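The values are calculated or read from the model by the stated rules, or taken from the named source; none is laboratory data. Only a predicted model underlies this, so the values are computations on that prediction, with no experimental measurement involved. Heads up, the Cβs are rebuilt from the backbone with ideal geometry, glycines too, and the neighbour counts pull from every protein chain shown. In case anyone asks, the SASA skips ligands and DNA or RNA and just uses the protein heavy atoms, side chains included. Shrake-Rupley method; radii C 1.70, N 1.55, O 1.52, S 1.80 Å.
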Amino acid sequence: MATVAYGTDRTDEAARQAAFDAAVAADERIEPRDWMPDAYRASLVRQMAQHAHSEIIGMQPEANWITRAPSLRRKAILMAKVQDEAGHGLYLYSAAETLGTSREELLDKLHAGRQRYSSIFNYPTLTWADVGAIGWLVDGAAITNQVPLCRCSYGPYARAMVRICKEESFHQRQGYELLLALSRGTPAQHAMAQDAVDRWWWPSLMMFGPPDEESGHSAQSMAWKIKRHSNDELRRRFIEISGPQADALGLTLPTGEIDWDEFKEVLKGNGPCNEQRIAQRRRAHEEGAWVRDAAVAYAAKHGEGKPS
Amino acid sequence: MTPSSSAGALALGDDALVLSHRLGEWAGHAPVLEEDVALANIALDLLGQARVLLSLVGDEDELAYLREERAFRNLQLVEQENGDFGHSIARQLYFSTYQQLLYGQLAAGDGVFAPLAAKAVKEVDYHRDHAEQWTLRLGDGTAESHERMQRGLDALWRFTGEMFQPVEGVDGVDWQSLHTSWHTSVSSVLKRATLTVPEGPQTGSWSAGAGRQGLHTEPFGRMLAEMQHLHRSHPGATW
Amino acid sequence: MTATDWPLWEVFVRSRRGLSHTHAGSLHAPDAEMALRNARDLYTRRSEGVSIWVVPSTAVTASSPDEKDSFFEPAGDKPYRHPTFYEIPEGVQHL
């Protein structure tokens, strides 16, 4: 959609800022062509891009097990889940595009390491139980983070999140069910499940971001109602609901403290899989270039249905 | 199920199972995200078909995970490695055209596979359409895509003859007319895509119809090793 | 747009017969035929639709938020367009 160039009169600007602030305060949604502060726009693009990137990078650790899924039922579930993640990435890139940032541009930034994705996906999936732990804990943490985003002040983001949250609930349940089958299975399966929970618990807690006093973007995002709860608040909520769920699984959650040094190292790019994840994404994109080019060339030759 | 029908269900089920597995390998590697979604849809349709067919014969997981390579009855075509996107699309075009025609005949008959084929043929229509759309775009796209697509078609051509050998237990199929219709349909798509119908023989010299007899190609053993290892590592476990 | 960029399409899905198409989101596709197929795969994975429209995003002309007041406010002071504006004696039915 073409955007109209607005007058940049100073009084106009002030009036627009006031109208924007009032809309956010009244819990109204901001829509793509509304005036918005540059910083709000930048913050949204950053967050939606990071979220979209997380979905598509997040396909990798789970796709790692599609070809080894131990039953056909589990294989179908896993394929559908990884497919949903590609879909969610697409919904989110589409929401980001409403602000005039193309998906190509965002992908380029991801491939160049200039935009982030959730650090959780820099951990490897070492056993089949990891697929369950990702569903239960990682998707569980993601849902805790995401449900409030359904009421985010930016309309297209909020709408994408409504669709995503609806679809995500299957993701968490399948992970929990997978772990339950393992926990109640043979001793080797039970041990596999416990090991996966031991490894994924801390990185899942880190998904809520740094402690509130160290979180750079939080305060402004909360004022703009892009974000509605603080990192620590959401983390606490997640820990509370996970305890009884672990009991019902017959598994134990590790005790101790979050290792924030590890968090910072993974964020800096020193996690176990940072390079591998980006390299695979970049390779898929580069190796697909000739296919995308071919489709463009065909459309140019055949003309029909080609937008001018 | 008569033993003969079981053999038929196994052949059709293995085709769907193995191709679904190969398409599943594309997850996270597709040329564009939209295609990740599309290929997964096709893989899921095929996996669903495989589960119905194998369940007619016995326990789906025992059949998928505990048979040795020589006991699989799928076509050699579907076990071929993905190669580049053009190679995979060539495999899709050849197989989905075959499956559409075969299931169309089965659905129109009154055999044991008629109800199942009637449901599956709607899915397969879409798979064939997907393959056709991409064959047109790669064939008539850029010089590079044309060359890659043609290479895929040529490389897989010798695995196509096997599709028209009568399959034990799959009755009521006119295999000769299936072959003719397949050739007409594929040729028409290739012509519109400015591609050439490969000219070589449609079978290798010693292995005609070999997949249906349990003779496979080397990549298939590695595929099965990967697919089965976890299930086999925990005998008797439930998942 | 570089050579590899696919244009953006807006997707509208009719969720069941009897309802209008509603905007579902957008996607990229090289042409209309592929846009329809991508829309089917992306926006109707869970049987959300029975019919799909795709429209090039560039073909959408939208009202400007700057004109919001002149476009939409004048309708606000015409309550006589709404049935609740009229007082009907109690007991009168089918009205």
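Across all C-alpha atoms in region A:259-299, the radius of gyration and Dmax reach 16.7, 53 Å. Give me the log10 of I(q) over I(0) for region A:199-263 at q = 0.21, 0.24 Å⁻¹, as the Debye formula computes it from C-alpha points; what are the numbers? With one equal scatterer per Cα and no solvent, log10 I(q)/I(0) is -0.90, -1.06.
A quarter of the convex hull surface defined by the alpha-carbon atoms of the protein assembly as shown gives 35.7 nm² as the mean projection.
The phi torsions of region A:59-74, fed into the Karplus equation with coefficients 6.51, -1.76 and 1.60 and a -60° offset, translate into couplings of 5, 5, x, 7, 4, 3, 10, 4, 6, 10, 3, x, 9, 5, 4, 5 Hz, rounded to whole numbers, with Gly and Pro shown as x. Chain B and chain A together bury an accessible surface of about 4000 square angstrom, both sides counted, with a 1.4 Å probe and no ligands or nucleic acids included.
The Kirkwood radius of region A:29-166, taken over pairs of alpha-carbon atoms, gives through the Stokes-Einstein law at 4 °C and 1.567 mPa s a diffusion coefficient of 82 µm² s⁻¹.
Over chain A, with a Gaussian network built from C-alpha contacts below 10 Å, which listed residue (A:T101, A:T144, A:T11) shows the highest mean-square fluctuation? Taking springs between Cα atoms under 10 Å, the residue moving most is A:T11. In this structure the protein assembly as shown gives 43 Å² per residue of accessible area when probed at 1.4 Å with all protein chains present.
One quarter of the convex hull surface built on the alpha carbon atoms of region B:86-168 amounts to 5.6 nm², the projected area averaged over directions. In percent, rounded to a whole number, the relative contact order of chain B is 26, using alpha-carbon pairs under 8 Å and six or more apart.
In terms of overall dimensions, the C-alpha atoms belonging to region B:109-239 reach 53, 39, 33 Å along their principal axes, ordered largest to smallest.
Summing Cβ point charges (Lys, Arg +1; Asp, Glu -1) relative to the Cα centre of the protein assembly as shown gives a dipole of roughly 600 debye. Look at the alpha carbon pairs under 8 Å that are at least 6 residues apart: their mean separation over the length of chain A gives a relative contact order of 19 percent.
Of the residues making up region A:59-93, those losing 50 Å² or more of accessible area when the isolated chain is joined by the remaining protein chains, with a 1.4 Å probe, are A:T67, A:R68, A:P70, A:L72, A:K75, A:M79, A:Q83, A:L90, A:Y91.
Each residue of region B:19-32 was assigned a 3J(HN,Hα) from its phi angle through the Karplus curve 6.51 cos²θ - 1.76 cosθ + 1.60 (θ = phi - 60°); the sequence is 5, 4, 4, 4, 5, x, 5, 6, 3, x, 10, 5, x, 7 Hz, with glycine and proline shown as x. Heavy-atom accessible area, probed at 1.4 angstrom with all protein chains present, ranks C:K78, B:K119, A:K75 as B:K119, C:K78, A:K75, highest first. When the solvent-accessible area of region C:3-63 is split by element, carbon and sulfur atoms take up 53 percent of it, the probe being 1.4 Å.
Against chain A, whose longest principal axis is taken from its Cα atoms, helix A:289-302 shows a tilt of about 40°. How big is D, in µm² s⁻¹, for chain B by Stokes-Einstein at 20 °C and 1.002 mPa s if Rh is the Kirkwood radius over C-alpha pairs? Here the translational diffusion coefficient equals 118 µm²/s.
Applying both filters, DSSP loop and at most 12 other Cβ atoms within 10 Å, to the trypsin sites (Lys or Arg not before Pro) of region A:100-157 gives A:R114. Projected onto planes of every orientation and averaged, the convex hull of the alpha-carbon atoms in region A:111-242 covers 9.0 nm².
Only the Cβ atoms of Lys and Arg (+1) and of Asp and Glu (-1) were treated as charged; on that basis the dipole of region A:140-293 about its Cα centre amounts to roughly 820 debye. Could you run the numbers on buried accessible area between C and A, total for both chains, 1.4 angstrom probe, in Å² to the nearest 100? Adding both sides of the contact gives about 2500 Å².
Hydrodynamic radius of region C:3-63 by the Kirkwood approach over all distinct alpha-carbon pairs: 11.8 Å. Which is the longest stretch in chain C that no exposed loop site breaks, taking sites as trypsin sites (Lys or Arg not before Pro) with a DSSP loop state and at most 13 other Cβ atoms within 10 Å? Of all site-free stretches, the longest is C:47-95. Once C-alpha pairs closer than 8 Å and six or more residues apart are averaged by separation and normalised to the residue number of region B:1-102, the relative contact order reads 37 percent.
For chain A, the convex hull drawn through the C-alpha positions has a volume of 155 cubic angstrom per residue.
Under the combined filter of DSSP loop state and at most 10 neighbouring Cβ atoms within 10 Å, chain C retains these GluC sites (Glu not before Pro): C:E87, C:E90.
Taking the 1.4 Å solvent-accessible surface of chain B as the whole, the part contributed by carbon and sulfur is 53%.
Of B:A43, B:A143, B:A16, the residue with the greatest mean-square motion in the GNM of chain B, using alpha carbon springs below 10 Å, is B:A143.
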